[in-house]
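Down below is the structure, laid out as structure tokens.
The values are calculated or read from the model by the stated rules, or taken from the named source; none is laboratory data. Predicted model only: the values in this text are computed from it and were never measured. When we count neighbours, we look across all protein chains shown, and the Cβ atoms used for this are built from the backbone with ideal geometry, even at glycine. Note: areas computed on protein heavy atoms with side chains; ligands, DNA, RNA excluded. Shrake-Rupley method; radii C 1.70, N 1.55, O 1.52, S 1.80 Å.
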Amino acid sequence: MLKWLGNPVKNPLAKIHKAAVDRSIRPLGLRYDDLYDPLFSLDVKEALDRLPEEVVEARNQRLKRCMDLSMKHSYLSKEMQAMQTPFRSYIQEVMVVVLREKAERKALNALPLYQRTIP
């Protein structure tokens, strides 16, 4: 039962959820990976630091465009929405590496790569 529930290919509820997420982020021109918050997770912050500068800049431009559209209470045109690729991942591969390094450091009792500090 848990295997089926965790498998988005076989689970119809996962397909419904993916379609709902697509309907909410495509009109704003976002990608799913843009929703990760670097202030919430230091793993995400580390992954963003490791990405190429042009990928991070494209992410920032998508977030700015989203905020602008949200403030104007408007959406992208239908032609622009058709060109969007909301589920093309750009951070997942780097996140896997960051989490693997974090697990390895924990197994070796090494100092963490980063520590949360309270400003």
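For the residues L30, L76, the requirement of being out of contact with any Gly (no Cβ under 9 Å at 6 or more places or on another chain), open to solvent by less than 40 Å² (accessible area, probe 1.4 Å) and either of a type in the set (A, V, I, L, M, F, W, C) or assigned to a helix (DSSP H, G or I) (or both) singles out L30. For the stretch 38-56, a residue qualifies if it is within 16 Å of K102 (Cα to Cα) and touching a residue at least 40 places away in the same chain (Cβ under 8 Å), and the qualifying residues are L42, D43, V44, K45, E46, A47, L48, R50. Looking only at residues that are in a loop (DSSP other than H, G, I, E, B) and exposed (fewer than 11 other Cβ atoms within 10 Å of the Cβ) in the stretch 38-72, which one is modelled with the highest pLDDT? Once the filter is applied, the top-ranked residue is P52.
Within the set L35, L13, the sole residue that is of a type outside the set (V, I, T), closer than 24 Å to L113 by Cβ and open to solvent by 80 Å² or more (accessible area, probe 1.4 Å) turns out to be L35. Just one of the listed residues (R59, R88) is in contact with a Phe, Trp or Tyr (Cβ under 9 Å, 6 or more places away or on another chain) and under 25 Å from A14 (Cα atoms), and it is R88.
Counting residues in the stretch 86-96 that are part of a loop (DSSP other than H, G, I, E, B), closer than 19 Å to V21 by Cα and open to solvent by 90 Å² or more (accessible area, probe 1.4 Å) gives one or more. In the stretch 65-82, the residues that are touching a residue at least 12 places away in the same chain (Cβ under 8 Å) reach residues that are outside any helix (DSSP H, G or I) with C-beta atoms within less than 6 angstrom, at least six apart or across chains, in these pairs: R65/G29; C66/L30; L76/G29. If I filter the stretch 103-114 for residues that are surrounded by 10 or more Cβ atoms within 10 Å (Cβ to Cβ), among the hydrophobic types (A, V, I, L, M, F, W, C) and under 16 Å from the mean Cα position of the chain (by Cα), do I get at least one hit? The answer is no, given that none of the residues of the stretch 103-114 is surrounded by 10 or more Cβ atoms within 10 Å (Cβ to Cβ), among the hydrophobic types (A, V, I, L, M, F, W, C) and under 16 Å from the mean Cα position of the chain (by Cα).
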